[in-house]
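The values are calculated or read from the model by the stated rules, or taken from the named source; none is laboratory data. All of these numbers come straight from a predicted model, not from anything done at the bench. Cβ placement follows ideal geometry from the backbone for every residue including glycine, while neighbour counts extend to all protein chains displayed. The accessibility values were calculated without ligands, DNA or RNA, using every heavy atom of the protein model including side chains. Shrake-Rupley method; radii C 1.70, N 1.55, O 1.52, S 1.80 Å.
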Amino acid sequence: MTYQFTVSPDFPPDHLSGWYIFNTWLQKQTGEGIHLEMYNSFQAQRSVIENDGIDLIYANPFDAAMLVRDKGFFPLVRPRGITDEAIIAVNADSAVHDVADLSPGTTIAMTDDPDVRMMGMILLEAGDIYANNSQTIPCDAYILVAKQLLQGHADVGVFLAEAYDNLSGLIKSKLRVLVRSEISVINHSLMLGPKLAHRQHEWQELLVAMGSDDKSTAVLKSLGFSAWEKIEYEEMEFMIDLMDTLAV
């Protein structure tokens with residue numbers, strides 16, 4: 001039997017090959033057939049999840065509630081030392097130096113990354129900017145959010161902090177960060193579906209032990225991670241409750 005694996009579409013593009021390398025490593029270590037399928041949007045990926053087409057996922061925290069409570073997924077591991085934060089940035093030449101300087105009618109460039117959109121809109125509330133008094137320019141990738149700012153089409157851009165930090169030095173020199181969230185407890189996680197539930201603890205131990213040899217360390221590096229750490233079910237429930245609270 002071949003199990004279906006997917007990755008949240010907001011991973012840095014330069015780590016694409018790393019996920020295929022990781023998938024190959026995981027198949028060899030577990031003895032299971034695992035097919036990695038990437039999706040270009042959260043909507044396309046969520047449609048497959050809702051139709052029970054996914055068995056293993058590196059999931060966006062926004063989808064955690066649906067995966068755990070509706071689809072019976074189990075948390076495995078999360079990357080050590082990496083949390084999801086949002087950044088609000090502007091063109092470096094912008095007259096806006098604080099979120100409080102913004103006014104109704106502000107044009108916002110952002111992706112469909114659900115947890116980053118949510119955190120970004122919470123940050124913009126400090127400037128009395130809400131969905132009903134602003135305009136959104138949808139972008140397929142964070143580099144395109146930056147492009148909208150550089151070309152003057154958007155007043156502000158909402159970025160996943162990790163994605164912003166991974167922009168080239170040249171692009172960042174032409175942008176300016178207004179604010180960065182500091183929530184610290186929201187993160188992507190590797191989650192296992194019901195068909196593989198019987199291997200949850202075995203796979204947790206396997207993944208936590210990654211990095212104990214040069215080969216697995218190289219695989220982690222290709223993902224931009226230093227190590228995996230185990231997620232307790234209670235920790236996942238706490239994050240889900242927090243996401244529900246922030247979404248209100």
TODO: Report, for the chain, the % of DSSP beta bridges that are antiparallel, rounded to 5.
DONE: 60 percent
Open item on the list: Two decimals, Cα atoms only, Kirkwood Rh: what is Rg/Rh over segment 1-122?
Closed with: 1.06
Task: 3J(HN,Hα) from dihedral phi, segment 108-113, Karplus parametrisation 6.51/-1.76/1.60, rounded to Hz, x for glycine, proline - done: 10, 9, 7, 8, 8, 5
Task: Relative contact order [Cα under 8 Å, 6+ residues apart], the chain, whole percent - done: 30 percent
Task: Residues with amide H under 5 Å from that of TYR39, placed H, sequence gap 5 or more - done: VAL7
- [ ] Distance check, please: which entries in LYS174/LYS221; LYS71/LYS230; LYS28/LYS221; LYS28/LYS230 exceed 26 angstrom between their Cα atoms?
- [x] LYS174/LYS221
Task: Whole-number percent relative contact order across segment 1-129, with pairs defined as alpha carbons under 8 Å at least 6 apart - done: 26 percent
Task: Accessible area of PHE238 in the full protein assembly, 1.4 Å probe (Å², nearest 10) - done: 120 Å²
Open item on the list: I'd like the Karplus ³J(HN,Hα) series for segment 41-51: coefficients 6.51, -1.76, 1.60, θ = phi - 60°, whole numbers in Hz, and an x wherever there's a Gly or Pro.
Closed with: 9, 5, 5, 5, 5, 5, 4, 5, 4, 4, 9
Task: Proximal aspartates and glutamates relative to LYS195, as straight alpha-carbon distance under 20 Å, when same-chain residues fewer than 8 apart are discounted - done: GLU32, GLU37, GLU50, ASP52, ASP55, ASP63, ASP70, GLU205, GLU232
TODO: Report, to the nearest whole %, how much of the accessible area of the chain belongs to carbon and sulfur atoms, 1.4 Å probe, protein only.
DONE: 51 percent
Open item on the list: At a threshold of 8 angstrom on Cα-Cα distance, excluding pairs fewer than six apart, so keeping six or more, what relative contact order does segment 111-241 reach in percent?
Closed with: 17 percent
TODO: Return the calculated 222 nm mean residue ellipticity for the chain, to the nearest 500 deg cm²/dmol, obtained by summing -39500 (n - 2.57) across DSSP H runs with n ≥ 4 and dividing by the residue count.
DONE: -10500 deg cm²/dmol
- [ ] Given the peptides 84-90, 6-12, 203-209, arrange them by the average over their residues of other C-beta atoms within 10 Å, most packed first.
- [x] 84-90, 6-12, 203-209
